[in-house]
Amino acid sequence: MLAAPSPASAGLLSGLFAAPKATATPKPTATPKATPKPTATPKATATPKPTATPKATPAPTPTPAPTIADLSLVASTSTAKPTCNEPKVFKPFKAFGDTADYSFAPGGTFESGTAGWSLSGASVVSGNDTSGVYGGSKSLRIADGGRVVSPWFCVSEDHPTFRYTTKGGEVEMEIDYIIIGDDDVDDSLTGETNGGSSWAPSQIHGLANEIPAHKLAKGVLARLIWEAEDDIVIDNVLVDPYRRG
């Protein structure tokens, strides 16, 4: 049986076999925070191009009455004889013993104004021919010294004469005409009309009858001219298209 160690020996043994001091556990290294991904720059939204405002369609320009230059241009681009349109005809002077068919010259009633006409010292007025030739509410007054020129219109051998209605003073009649393809305007005097105190038809004036046949054969445009020597009113300018009923 072993003897118990002395206190000194026990102390020594305790020192030799003492439990080692616990090694301090190192603090865990902090995990670095993940760097956030950069926020993507949003793509710029393209600004839409403004829609172009469509240009307004301009109003059509009214076609002016033909001038001599216009007629020459037509003639230079076509050598064909112009065809006169077949007009709507009636017998306006039948009550006065004239049974010929007539049609209106352009704007010849004056009910819708004087488009294409040239007026100097003249104007459309209220009050229509009351002789019974044609109804309406307007006529054309030409003052003393005034001058009125109709639009150009087609004339052939089938348009021998013209008439109109009148009231008042004295007026001189003339025809201007041009052959298609020529630059020169010819004229022919047709005489005078003396209006009375009431409405009545004028005498029959020559139209194609006043133009040489060899010129008519080439194609002709004509216009009518009134030159007043006193105040006068005219209405219902009618052309005889040479159709007999």
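The values are calculated or read from the model by the stated rules, or taken from the named source; none is laboratory data. As the structure is a computational prediction, the values presented were derived from the model and not from experiment. A quick note on method: Cβ atoms are made from the backbone with ideal geometry, for glycine too, and the neighbour counts reach across all protein chains shown. Heads up: the accessible areas ignore ligands, DNA and RNA and are worked out on the full protein's heavy atoms, side chains in. Shrake-Rupley method; radii C 1.70, N 1.55, O 1.52, S 1.80 Å.
Equivalent ellipsoid of the stretch 174-245: semi-axes from √(5λ) of the C-alpha gyration tensor, largest first, are 26, 16, 9 Å. Please identify which residues in the stretch 153-191 have an amide N closer than 20 Å to a label point set 7 Å out from the Cα of T130, following the Cα→Cβ vector. Answer for the stretch 153-191: 164-170. Were the residues from D186 through T99 laid out at 0.36 nm apart, the gain over their Cα-Cα distance would be 28.3 nm. Think of each Lys and Arg Cβ as +1 and each Asp and Glu Cβ as -1; about the Cα centre, that makes the dipole of the stretch 125-245 roughly 680 debye. Tally Lys and Arg at +1 and Asp and Glu at -1 over the other residues with C-beta under 10 Å from the C-beta of Y134: what net charge comes out? Surrounding charge for Y134 is -3. Residues in the stretch 102-245 average 41 Å² of solvent-accessible surface per residue, probe 1.4 Å, ligands and nucleic acids excluded. Rounded to two decimals, the Cα-based Rg/Rh of the stretch 87-147, with Kirkwood Rh, is 1.01.
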